Amino acid sequence: AFTLVAVDIAGSGEVVAARRNSPLVVGVGEGENFVASDVLAFIEHTRDVVELGQDQIVRITADEIEVIGFDGQPAETTRYHVDWDTSAAEKSGFDWFMRKEIFEQPRAVADTLLGRFNTKGELVLDEMRGISPEDLRRINKIVIVACGTAYYAGMVAKYAIEHWTRVACEVEVASEFRYRDPIIDPQTLVVTISQSGETADTLMAIRHARVQGAKVIAICNTNGATIPRESDAVIYTHAGPEIGVASTKGFLTQLVACYLLGLYLAQVRGMKYADEIRIITDELERTPAMVQQMLDGAERIYALAHSLAEAGDFIFLGRHVGYPVALEGALKLKEIAYQHAEGFAAGELKHGAIAIIEPDMPVFVVVPPEGRDQLRDKVLSNIKEVKARGAYTIVLAEERDKQISEDADVIIRLPHLSTLLQPLVATVPLQLFACELATVLGHDVDQPRNLAKSVTVE
């Protein structure tokens, strides 16, 4: 994989660039043109973009753009307009882009939902035209492939998709996918999740899946990126540009897109739980306001971060969809605060992890909503287990949940949502906590060490 750029600094200022398995886009301006690996690099100057295909070379001057293939023949290109607001490249009064992006999540979720339902409450996904309803009805296995935070979105999606469609769903780390000889065939639907649309491991997984005859759906935030172009269909998340390296609104909108995909598959294949799905659909429409409700309590989360600035070690626990939320909460602390943080399935505590619980160690626990009593009772038991060993318990639970008070040192209240949708609100305070803790510790929240926004190498 490579992207090469050569500049004639002595003469015309002409720029020549080439790509193979690495991102490269061209910005089209008036009396100026640009090459970059991401449209964010030139969004302040132009939102008109030419996408480059695999093994192509572009020559630009201030007034001309010429694209050829590696064989020297003229190449066809597609030009498109990016709808992102140029104000996204400004902090707008926030200290960090990441904090700004956390507070943009109500709008990002609303934008991702916009226009996806008709007046009858049915899903309308125009982006799915590349895969026919007949093909989707023939699917007997779904494989979700992603990396990092997107992988955790895929873990949540597995619970929802299997429940609503009764189709077996696997979640794979993209970097491992090709190397274990996965069983993929034309009746397999592969779903890839990538904020940038250029994640190298995920792109290679797509190519492997397509060789095996699988249909591929991409969930992506970047119009014209390589992964959507090489997929049969794409669901765009409409999060807008995300500049902070640690994903926030990208994650929440990926969750929304995963829910939309699961509901659409259920609709196409014949709904098994029609009444429940109608409730889910109604709740989804209300989630932007619920995310805003969580943001309105930010100052309390910031105070908690200040009080735990010297802790050093953190544990996050959850069951069911709370488990990937726990993993995401731990990842955020690792990424931007450089803290030792571990996320566990709460039921795994007794199988080893409980040995590291020490007095006053902060333990975050995601409690399922009422209505899943067996699941919820297990989590309440886990809280008692860590509390008995001296842990400092921070419990995320519904507003109406009255049973947790005796074992919780801190309670973060969540608005009521169905269990499968709870990650949309439970994740937000963990994002706020990580952002504030990293700030207190004096770290660069937007550009954490050793990390890149778009991972374009395997």
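Selection of the stretch 190-209 for residues being of a type in the set (A, V, I, L, M, F, W, C) and free of Cβ contacts under 8 Å to residues at least 60 places away in the same chain yields only V190.
Every listed requirement among (1) in contact with a helix residue (DSSP H, G or I) (Cβ under 7 Å, 6 or more places away or on another chain); (2) surrounded by 19 or more Cβ atoms within 10 Å (Cβ to Cβ); (3) among the small types (G, A, S); (4) within 30 Å of R166 (Cα to Cα) is met by A337 save one, (4).
Summed over the stretch 121-138, residues that are in a loop (DSSP other than H, G, I, E, B) and either over 16 Å from C220 (Cβ atoms) or outside the structural domain of I235 (by TED's automatic domain parsing) (or both) total 4.
Here is a check on your reading of the model: is V395 in a strand (DSSP E or B) and either assigned by TED's automatic domain parsing to the domain that holds P415 or crowded, with 18+ Cβ neighbours inside 10 Å (or both)? So V395 fits the description; yes. Quick one: which of A309, A289 is part of a helix (DSSP H, G or I) and small (G, A, S)? Unique residue meeting the criteria: A289. Of all the numbered requirements in (1) farther than 27 Å from T237 by Cα; (2) at pLDDT below 85, V5 misses one, and that requirement is (2).
Considering only residues in the stretch 234-266 that are touching an Asp or Glu at 6+ places or on another chain (Cβ under 6 Å) and not in a loop (DSSP other than H, G, I, E, B), the one that is surrounded by the most Cβ atoms within 10 Å (Cβ to Cβ) turns out to be K249.
The condition of being within 20 Å of A452 (Cβ to Cβ), β-branched (V, I, T) and at pLDDT below 95 holds for only one of T192, T226, T248, that being T226.
For the stretch 398-415, the condition holds for at least one residue, the condition being that it is under 27 Å from A150 (Cβ atoms), of a type outside the set (V, I, T), touching a residue at least 40 places away in the same chain (Cβ under 8 Å) and surrounded by fewer than 23 Cβ atoms within 10 Å (Cβ to Cβ).
Is it the case that some residue within the stretch 428-444 is under 22 Å from D282 (Cβ atoms) and under 23 Å from the mean Cα position of the chain (by Cα)? Yes, the conditions are met somewhere in the stretch 428-444. Look at (1) touching a residue at least 40 places away in the same chain (Cβ under 8 Å); (2) part of a helix (DSSP H, G or I); (3) over 17 Å from A426 (Cα atoms); (4) of a type outside the set (K, R) and you find that L295 fails only one, number (3). Of all residues in the stretch 178-195, exactly one satisfies the criterion of being farther than 14 Å from S231 by Cα and surrounded by 24 or more Cβ atoms within 10 Å (Cβ to Cβ), namely Q195. Determine whether the stretch 32-50 contains at least one residue that is touching a residue at least 12 places away in the same chain (Cβ under 8 Å), closer than 16 Å to I65 by Cα, surrounded by fewer than 21 Cβ atoms within 10 Å (Cβ to Cβ) and among the hydroxyl-bearing types (S, T, Y). Yes: one or more hits. Collect the residues in the stretch 51-101 that are closer than 28 Å to H443 by Cβ, free of Cβ contacts under 8 Å to residues at least 60 places away in the same chain and small (G, A, S), keeping them in residue-number order. Hits for the stretch 51-101 are S87, S92, G93. Here is a check on your reading of the model: is T188 out of contact with any Ser or Thr (no Cβ under 7 Å at 6 or more places or on another chain), of a type in the set (S, T, Y) and over 22 Å from V25 (Cβ atoms)? Yes, satisfied.
Checking each residue in the stretch 139-162 for being surrounded by fewer than 17 Cβ atoms within 10 Å (Cβ to Cβ) and within 24 Å of R116 (Cβ to Cβ) picks out only E162. For the stretch 347-377, a residue qualifies if it is outside any helix (DSSP H, G or I), touching a strand residue (DSSP E or B) at 6+ places or on another chain (Cβ under 8 Å) and either farther than 23 Å from A305 by Cα or of a type in the set (S, T, N, Q) (or both), and the qualifying residues are P369, E370.
Residue by residue, here is whether (1) crowded, with 16+ Cβ neighbours inside 10 Å; (2) not acidic (D, E) holds:
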residue: R278; (1), (2): no, yes
residue: E283; (1), (2): yes, no
residue: V291; (1), (2): yes, yes
residue: Y302; (1), (2): yes, yes
residue: L308; (1), (2): yes, yes
residue: L317; (1), (2): yes, yes
residue: Y323; (1), (2): yes, yes
residue: G343; (1), (2): yes, yes
residue: A346; (1), (2): yes, yes
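The single residue among R269, R286, R300 that is over 17 Å from the mean Cα position of the chain (by Cα) and over 30 Å from V124 (Cβ atoms) turns out to be R300. Residues that are free of Cβ contacts under 8 Å to residues at least 60 places away in the same chain and assigned to a loop (DSSP other than H, G, I, E, B) are absent from the stretch 315-336 altogether.
The values are calculated or read from the model by the stated rules, or taken from the named source; none is laboratory data. Not measured: the values here are computed from a predicted model. Note that each Cβ is placed from the backbone with ideal geometry, even for glycine, and that neighbours are counted across all protein chains shown.
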